[in-house]
Amino acid sequence: MEQSRKEFFKKSVLGLGVITAACESAAKGSQQIQKPLVISTWDHGKLANEVSWKMLKEGKSSLDAVEAGVMIVESDPEARTVGLGGYPDRDGFVTLDASIMDHDSRCGSVAFLQHIENPIAVARKVMEETPHVMLVGEGALQFALEQGFEKINLLTEKSKKDWEKWLEKSKYEPVINIENHDTIGMLAIDNDGRISGSCTTSGASYKMHGRVGDSPIIGAGLFIDGEIGGAVATGLGEEMIRTASAAMIVEQMRHGADPQEACDEIVDRIIRKNGGKDVPQAAFIAVDKYGNYGGGSVHKGFTYAICTNEIENTIKKAKFKLTS
């Protein structure tokens, strides 16, 4: 008799759990999707959003929008850590990293790419024209040239002069937490509710020749799951690589966290991994499939730009954890 009661209780609890999960799933499934939407990192994200928002309103895909939006920043010589005019490595070479990913988990990336103004466009070509996800260095350059991209000098006079000044002391001190022109990452939802993301950078200033950060690494700098949402990172890339940050944010959302909570958890994780002291800057934006969004960072100074039907293209200050 006692065994029967236990079995009855166990089955009742399991059944209640299934019903509860089903109710929660139904409730989530009935949510209205806020679309279109575009969100991108830093103040220069506002200009990138303008391009992407126009495309989204015209019915273009989120993949087209996230590519075209960040290309504006890649081609701006004043954006000193993205594309043309980016700060060189310690040997004087501008090397670029980029990745792109769509709703169906198709993705492409390039790393340690030189001489090409728009690495995000090359990353998309890798995704669509090759059986691979990532091409690097000389191989990436060769592929870009074969695809018709033009080879140019990415080192502007302004960046060259700054590098020559840096050479006087040659001290590697990447300043990321207070600059508003770091890596640009973008997430978008189109009129069909499909999510895509992009991420592009020239990396840490005066890095070792050959260094690659998180931006071209799927799961670290960028991750999209069309059934859940997406996330993109900015800051010192080594931190995002160590924690697979973008993928972990999406996994947090998979298990019930909203985008802000998911960003906060990964920020806390990075702080804990560093013992709470001398923590490099790491910052994130995230969006779920319903258009809920969030942003967070280790240190203050991180901003992001958001644009929806209800929110005019606006720069917001992200929530941060540490005051120093």
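The values are calculated or read from the model by the stated rules, or taken from the named source; none is laboratory data. Note that the structure is predicted; figures quoted are calculated from it, not measured. Neighbour counts run over all protein chains shown; Cβ positions are idealised from the backbone, glycine included.
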Exercise for the section: Please tell me if Ala244 is under 13 Å from the mean Cα position of the chain (by Cα), on the phi > 0 side of the Ramachandran plot, at pLDDT 95 or above and aliphatic (A, V, I, L, M). Expected result: yes
Practice task
Determine whether Ala68 is surrounded by 24 or more Cβ atoms within 10 Å (Cβ to Cβ) and under 23 Å from Gly230 (Cα atoms).
Solution key: no
Exercise for the section: Output the number of residues of segment 47-60 satisfying the condition of being under 18 Å from Ala231 (Cα atoms) and not aliphatic (A, V, I, L, M). Expected result: 2
Exercise for the section: Check whether at least one residue in segment 74-81 is in contact with a Pro (Cβ under 9 Å, 6 or more places away or on another chain), part of a loop (DSSP other than H, G, I, E, B), modelled with pLDDT of 95 or more and more than 21 Å from Phe284 (Cβ to Cβ), and report yes or no. Expected result: no
Practice task
Kindly indicate whether any position in segment 57-76 is touching a residue at least 40 places away in the same chain (Cβ under 8 Å) and farther than 25 Å from Ile306 by Cβ.
Solution key: no
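One line per residue, one yes/no per condition, for (1) out of contact with any Leu (no Cβ under 6 Å at 6 or more places or on another chain); (2) farther than 30 Å from Val94 by Cβ; (3) at pLDDT below 95; (4) not in a strand (DSSP E or B):
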| site | (1), (2), (3), (4) |
| --- | --- |
| Pro216 | yes, no, no, yes |
| Thr234 | yes, no, no, no |
| Met248 | yes, yes, no, yes |
| Gln252 | yes, yes, no, yes |
| Ile271 | yes, yes, no, yes |
| Pro280 | no, no, yes, yes |
| Ala283 | yes, no, no, no |
| Tyr290 | yes, yes, no, yes |
| Ile315 | yes, no, no, no |
